[in-house]
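To start, the structure under review is shown below, and the notes come after it.
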Amino acid sequence: MLIQPLPAFNDNYLWLAHDGKNAVVVDPGDAQPVLAALQAQQLTLQAIVLTHHHGDHTGGVAALRQATQCRVLGPAQEKLPEPVERVHAGQRIALLGTDWQVLAVPGHTAGHIAWYAPDLVAGGALFCGDTLFSGGCGRLFEGTAAQMHASLQQLAALPASTQVFCAHEYTLSNLRFALTVEPDNAVLQQYQHWCQQQRDRGLPTLPSTMAQELAINPFLRCNVPTVQRSAVTFDPTTAPTPEATLATLRAWKNVFA
């Protein structure tokens, strides 16, 4: 099985998973890169799967549905381009001959979901939309810091080998912030160097892995004393809890230059 990044807009990735014949696309904000890839590789689009309602994740749905007559599956609680097969946390959907599990991960939006396919590729695949980024997490547009913390902890509990297919190429920006939070994190320093090399070559920094994110992502490390102390330097009123630390980190990241 192959999973290809289809770049769109300034920094989106539309992830195309396929077995050489049938394909599934995740969060197609733009139809044209998907249609071009399908034609070039002679693939049949079996399904579109969505994580949340934002237009840069759903804008290509109508055109793709019209062109391919594929299924469209998305979160039960989000406003999406109809018709959509609505899915709920805990459901398992058979796509490309393997199970895709639905995880509820509110925070960025109220009804945000992630798709976890443990047997799709080696290590398993997580399509997390705008909940988890490499080195970061999504803004809290509709949810709370407590919700985002719980969502991220749910993802962190997946196997360390899980490949993390984030929806945006935000990595270098996120790592600049992460190094401000943990300047002495040697793993983070090495990862930033590798990611910079990737971008200098015009290559994606993604997918990451859950093991990598647990080692470098401050939003997954809110129980680490050094991360908590850094949060307090930004906001001295921050309570020494993971939830409060995440809230402060997210507020700090929102204004980080």
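The values are calculated or read from the model by the stated rules, or taken from the named source; none is laboratory data. From a predicted model like this one, the values you see are computed outputs, not experimental measurements. Glycine gets a Cβ as well: all are built from the backbone with ideal geometry, and neighbour counts include every protein chain shown. Surface accessibility is based on the protein's heavy atoms, side chains included, excluding ligands, DNA and RNA. Shrake-Rupley method; radii C 1.70, N 1.55, O 1.52, S 1.80 Å.
Compute the orientation-averaged projected area for the stretch 73-161 from the convex hull of its Cα atoms and round it to one decimal in nm².
Projected over every direction and averaged, the Cα hull of the stretch 73-161 covers 6.0 nm².
Taking every pair of distinct Cα atoms and averaging 1/r, then inverting, what Kirkwood hydrodynamic radius in Å comes out for the stretch 180-227?
Answer for the stretch 180-227: a Kirkwood hydrodynamic radius of 11.5 Å.
Report the equivalent ellipsoid semi-axes for the stretch 1-126 in whole Å, largest first, defined as the square roots of five times the eigenvalues of the gyration tensor built from alpha carbon atoms.
So the equivalent ellipsoid measures 20, 17, 13 Å along its semi-axes.
So, for the stretch 100-172, what is the accessible surface per residue at a probe of 1.4 Å, expressed in square angstrom?
It amounts to 27 Å² per residue over the stretch 100-172.
Which distance in Å, rounded to a whole number, links the C-alpha centroids of the stretch 179-257 and the stretch 130-153?
Between the Cα centres of the stretch 179-257 and the stretch 130-153 lies a distance of 13 Å.
If I model the chain as equal point scatterers sitting on the Cα atoms and use the Debye formula, what is log10 I(q)/I(0) at q = 0.13 Å⁻¹?
Once normalised to I(0) and log-transformed, intensities are -0.79.
May I ask for the equivalent-ellipsoid semi-axes of the stretch 162-257, computed as the square root of five times each C-alpha gyration tensor eigenvalue and listed largest first in whole Å?
24, 13, 12
Once neighbouring chains are kept in place and the probe is 1.4 Å, which whole percent of the accessible area of the chain is contributed by carbon and sulfur?
Within the chain, the accessible surface is 52 percent carbon and sulfur.
Test of the criteria: in the stretch 1-88, which trypsin sites (Lys or Arg not before Pro) are in a DSSP loop and have at most 11 other Cβ atoms within 10 angstrom of their Cβ?
Answer in residue order: K21.
So what is log10(I(q)/I(0)) for the stretch 84-236 at q = 0.12, 0.13, 0.19 1/Å, when the Debye sum runs over its Cα atoms only?
-0.51, -0.60, -1.21
From the phi angles alone, apply the Karplus equation (6.51, -1.76, 1.60; θ = phi - 60°) to the stretch 213-225 and give each ³J(HN,Hα) in whole Hz, x where the residue is Gly or Pro.
Result, rounded to whole Hz: 5, 5, 8, 10, 8, x, 6, 9, 10, 6, 9, 7, x.
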